[in-house]
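Asker: Before I ask anything, let me first share the structure, which is written out below as structure tokens.
The values are calculated or read from the model by the stated rules, or taken from the named source; none is laboratory data. As the structure is a computational prediction, the values presented were derived from the model and not from experiment. Ideal geometry is used to build each Cβ from the backbone, glycine not excepted, and the neighbour counts take in all protein chains shown. Just the protein is used for accessible areas: all its heavy atoms, side chains included, with ligands, DNA and RNA removed. Shrake-Rupley method; radii C 1.70, N 1.55, O 1.52, S 1.80 Å.
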Amino acid sequence: MKMMRALLAIFFCILLFVPAVIAQPSAPPSANLALTPPMGWNSWNKFACNVSEDMIKSMADAMVKSGMKDAGYVYVNIDDCWQVSRDANANIVADPQRFPHGMKAVGDYIHSLGLKFGVYSDAGSKTCAGRPGGLGHEYQDALQYAAWGVDYLKYDWCNATTQDAKASYANIRAALDASGRPIVLSICEWGTAKPWLWGKEVGGNLWRSTGDIQDRWGGQQKWPDGTCCSNGVLSIIDQEVGLQSYAGPGHWNDPDMLEVGNGGMTDVEYRSHFSLWALLAAPLIAGNDLRDMRPEIHDILTNKEVIAVNQDALGREGERVAKSGDLEVWAKQLKDGSRAVILLNRGATEQSITANWEDLGYPNNVSAAVHDLWSHKDLGKSTEKFSAAVASHGVVMITVKP
Ligand code: GLA
């Protein structure tokens, strides 16, 4: 009798729980995307609206030939201006002159090289360059992107008038997931509605935290027409201070794409720009012409030791840990317990900068091995602190391993 009751109890348990387990909603297709910051290339910073099938294909070729792919760059992203109109069924239409074989052909080519394909649209009625936006067509566009083989969507915020940012980005994420294809969602809202507070919750994989980057070193300036504001590298990093706790695997602060190699900064400044973006766990989206890079630019973009800091599996964003006038120390905890450290000199002359172990979260008496990520040299062991001479606008980037 007892045995019978026990069997009955087990039977009812199974009846109750098995359907509950089966009914669990499965993870969305985007569940495990961008577990480390996305790496790739985007057309905007160098080419703006001058995009075409030929240019994009040759850039994908160059990404492979230059060693960028081997260094970890994978997304080839077409920014604004690929689209011209909607057809009679409201399907988005690519520029037939510039993309004569259509977007799927471009995606197929990119995929044939083992790379991934990104496009751009906008949550409002029009993109920032005045092309048709996604408003009211989110599900239709998502299906179209999936059919083209799109892996990454940058979704801008121009002409969004009274739309709610969080709701708008939740809507496009739901639409992308409903397509069944895993598509990285890059929220390009410029930080206005503090996307770090809700970007993760709505399934955004990265969110812009500032206005557009300009290819220059300095701080924030008004535009010539008096409106706010043009950002150089320094004003962008200042705006990142305090945002570090919002970043993590699958969801990153995005201080905008790289300008390395576009001509507005010195190589010293480009090295600093790249080092800081790596330490900030920023998406590393190159924005230069990969087909004719100078060796110095190539060596910056493909520095594997610096990229390893960016791609560290712990997924911590680095932060400013010390500041004295123009001299700063930035640090990022890595998975093995060591720290990546940047000594940054914003000033006009060479200066000595010191990283104190206490600022890195280590006791003073710890002995730690120091390795230079730009000279690729071991610098021996230090206790308490490490000091180095840092060029004007330059960095010294090291790892400190107890
Ligand atoms: C906005 C974005 C840029 C770029 C342009 C395209 O300014 O922030 O990154 O996509 O639009 O028009």
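Asker: Calculate what fraction, in whole %, of the accessible area of the range 105-193 sits on carbon and sulfur atoms when a 1.4 Å probe is rolled over the protein chains.
Answerer: 54
Asker: Taking only protein heavy atoms and a 1.4 Å probe, what accessible area per residue, in Å², does the chain have with all protein chains in place?
Answerer: 43
Asker: Suppose every K and R has +1 on its Cβ and every D and E has -1 on its Cβ; what is the size of the dipole of the chain about the Cα centre, in Debye to the nearest 20?
Answerer: Approximately 1180 debye in magnitude.
Asker: I'd like the accessible area for Ser121, computed on protein heavy atoms only with a 1.4 Å probe and all protein chains in place. Round to 10 Å², please.
Answerer: Probe radius 1.4 Å; accessible area of Ser121 about 0 Å².
Asker: Now for a separate question. With every protein chain present, what accessible area does Lys104 have (1.4 Å probe, heavy atoms only), rounded to the nearest 10 Å²?
Answerer: About 90 Å², ignoring ligands and nucleic acids.
Asker: Using the crude model of +1 on Lys and Arg Cβ and -1 on Asp and Glu Cβ, and no other charge, please compute the dipole size for the range 300-352 relative to its Cα centre, in debye to 20.
Answerer: That gives the range 300-352 a dipole magnitude of about 120 debye.
Asker: Same structure again: For Ser58, what is the net charge nearby, where nearby means another residue's Cβ is under 12 Å from its Cβ and Lys, Arg count +1, Asp, Glu -1?
Answerer: Charge balance near Ser58 sits at -2.
Asker: Let me ask another. Farthest toward the dipole's positive end in the chain, which of Asn50, Pro283, Ser375, given Cβ charges of +1 (Lys, Arg) and -1 (Asp, Glu) about the Cα centre?
Answerer: Towards the positive end, the residue furthest out is Pro283.
Asker: On to the next question. Per the Kirkwood formula on distinct C-alpha pairs, the Rh of the range 319-401 is how many angstrom?
Answerer: Answer for the range 319-401: a Kirkwood hydrodynamic radius of 12.6 Å.
Asker: If you don't mind, another one. Normalising by the residue count of the range 319-401, find the relative contact order in percent from Cα pairs under 8 Å and 6+ residues apart.
Answerer: Numbers: 193 pairs, mean separation 27.0, N = 83.
Reported relative contact order: 33 percent.
Asker: Another question about this same structure. Quick check on the chain: what are the equivalent-ellipsoid semi-axes from the Cα gyration tensor, as sqrt(5λ), descending, whole Å?
Answerer: Whole-Å semi-axes of the equivalent ellipsoid: 37, 32, 20.
Asker: Round to a whole number: what % of the accessible area of the range 350-392 belongs to carbon and sulfur, probe 1.4 Å? Don't skip to the end; give the middle numbers.
Answerer: On the way: 1030 of 2390 Å².
Whole-percent figure for carbon plus sulfur exposure: 43.
Asker: I would also like to ask the following. Give Lys304/Lys401; Lys57/Lys194; Lys323/Lys401; Lys304/Lys335; Lys69/Lys385; Lys200/Lys335 a once-over and call out the pairs whose C-alpha atoms are over 28 Å from each other.
Answerer: Details: Lys304/Lys401 18 Å; Lys57/Lys194 35 Å; Lys323/Lys401 22 Å; Lys304/Lys335 17 Å; Lys69/Lys385 37 Å; Lys200/Lys335 22 Å.
Correct reply: Lys57/Lys194; Lys69/Lys385.
Asker: Report ³J(HN,Hα) in whole Hz for each residue of the range 31-37, in order, from the Karplus equation J = 6.51 cos²θ - 1.76 cosθ + 1.60 where θ = phi - 60°; Gly and Pro get x.
Answerer: Karplus-based 3J(HN,Hα) across the range 31-37 equals 3, 10, 8, 6, 5, 10, x Hz.
Asker: Okay, next question. About the Cα centre, and with charges only on the beta carbon of Lys, Arg (+1) and Asp, Glu (-1), how big is the dipole of the range 208-285? Nearest 20 debye, please.
Answerer: The dipole of the range 208-285 has a size of about 100 debye.
Asker: Relative contact order for the range 355-402: what percent, with Cα pairs under 8 Å and sequence separation of 6 or more?
Answerer: The value is 42 percent.
Asker: Here's a follow-up. Find, to one decimal place in angstroms, the Kirkwood hydrodynamic radius of the range 192-320, where the mean of 1/r is taken over every pair of different Cα atoms and then inverted.
Answerer: Computed over the range 192-320, the radius equals 15.2 Å.
Asker: Using only DSSP helix segments of four residues or longer, with each worth -39500 (n - 2.57), what per-residue ellipticity at 222 nm results for the chain after dividing by its residue count and rounding to 500?
Answerer: Estimated from H runs of four or more residues: -8500 deg cm²/dmol.
Asker: What ratio of Cα Rg to 2.2 N^0.38 Å holds for the range 115-174?
Answerer: Compactness ratio reported: 1.07.
Asker: Answer with one residue from Cys229, Ala62, Gly107: the one whose Cα lies farthest towards the positive end of the charge dipole of the chain, charges on Cβ with Lys, Arg +1 and Asp, Glu -1.
Answerer: About the Cα centre, the residue reaching furthest to the positive side is Gly107.
Asker: Quick one: which residues, 5 or more positions from Trp374 or on another chain, have an amide H under 5 Å from its amide H? H modelled 1.01 Å from N in the peptide plane, none for Pro or chain starts.
Answerer: Hits under the 5 Å cutoff: Met397.
Asker: Local charge sum around Gly261 (other residues, Cβ-Cβ under 12 Å, Lys/Arg +1, Asp/Glu -1)?
Answerer: Result for the local shell: -4.
Asker: Counting only other residues whose beta carbon sits under 11 Å from that of Arg216, what net charge do I get with K and R as +1, D and E as -1? Mind dumping the intermediate values first?
Answerer: Working: positive: none; negative: Asp215, Glu259, Glu269.
My count for the surroundings of Arg216 gives -3.
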